[in-house]
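Heads up: the structure comes next, in structure tokens.
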Amino acid sequence: MTKKLFFQAMGKFFAGLVLLMLLLFVPAGTLRYWNGWLLIGLLFVPMFLVGIVMMVRAPALLAKRLDAKEEERDQKVVIALSGAMFLAAFVLAGLSFRFGWLLLPRPAVYTAAAVFLAAYALYGEVLRENAYLSRTIKVQAEQKVVDTGLYGIVRHPMYAATLVLFLSMGLVLGSVLAFVVLLAYIPIIAKRIRNEEAVLTEGLAGYAAYKEKVKYRLIPFIW
């Protein structure tokens, strides 16, 4: 671990925290938007703890996860669409709380929170299994195909975890409208996966054979 990595990680963590608070509480018009605080706790407390563990035990993986500069044109489009999706969803969630638009009952919110935490645990397991996980699409030096554990079930377990995470976010926020907006993540992640597989098939030895071995990309027996 280096001081540079520490300050980079802490800077992105707090910047993300402040941005999310602004997107939720300004449209809500109050800090009493309890769903917003619930999502912040569910999202940032585990993120902080996992980040500390990675900083100590896997700083190289943490550095990869912090590098978000895409080189592929298709992935730049995916990042832009994802950003617009989250912006719309969070603002709509805050406005829904302020004006009472299609709000969910507390039992539904708590159920969604449990699903969110389960998906977060799945995400953590993916990080443990694959030391090559970066946020950008590229073939790394000495990278090998990972085909065991969750990668023996679907080819993209990280995206499977994020799909559940992101869809449950709108429900944790208590907003049907936010959930509907976050459904846009399905075609967005499908576009990212297709481009990523094209890059890996061309540049990563053994990936074509891996695709034959593990048939499903995201959801077993579906796709």
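The values are calculated or read from the model by the stated rules, or taken from the named source; none is laboratory data. Quick caveat, the model's predicted, so the values are computed rather than measured. Heads up, the Cβs are rebuilt from the backbone with ideal geometry, glycines too, and the neighbour counts pull from every protein chain shown.
Does V91 count as surrounded by fewer than 17 Cβ atoms within 10 Å (Cβ to Cβ), in a helix (DSSP H, G or I), modelled with pLDDT of 90 or more and under 21 Å from the mean Cα position of the chain (by Cα)?
Working: surrounded by fewer than 17 Cβ atoms within 10 Å (Cβ to Cβ): no; in a helix (DSSP H, G or I): yes; modelled with pLDDT of 90 or more: yes; under 21 Å from the mean Cα position of the chain (by Cα): yes.
It is false that V91 is surrounded by fewer than 17 Cβ atoms within 10 Å (Cβ to Cβ), in a helix (DSSP H, G or I), modelled with pLDDT of 90 or more and under 21 Å from the mean Cα position of the chain (by Cα).
Among residues of segment 191-223 being of a type in the set (V, I, T) and without any contact (Cβ under 8 Å) to a residue 40 or more places away in the chain, the one that is surrounded by the fewest Cβ atoms within 10 Å (Cβ to Cβ) is I222. Working only within segment 209-221, note down all residues that are modelled with pLDDT under 90 and among the aliphatic types (A, V, I, L, M). The answer is none; no residue qualifies.
Residues of segment 163-195 that are more than 23 Å from I40 (Cβ to Cβ) and among the β-branched types (V, I, T): I186, I188, I189, I193.
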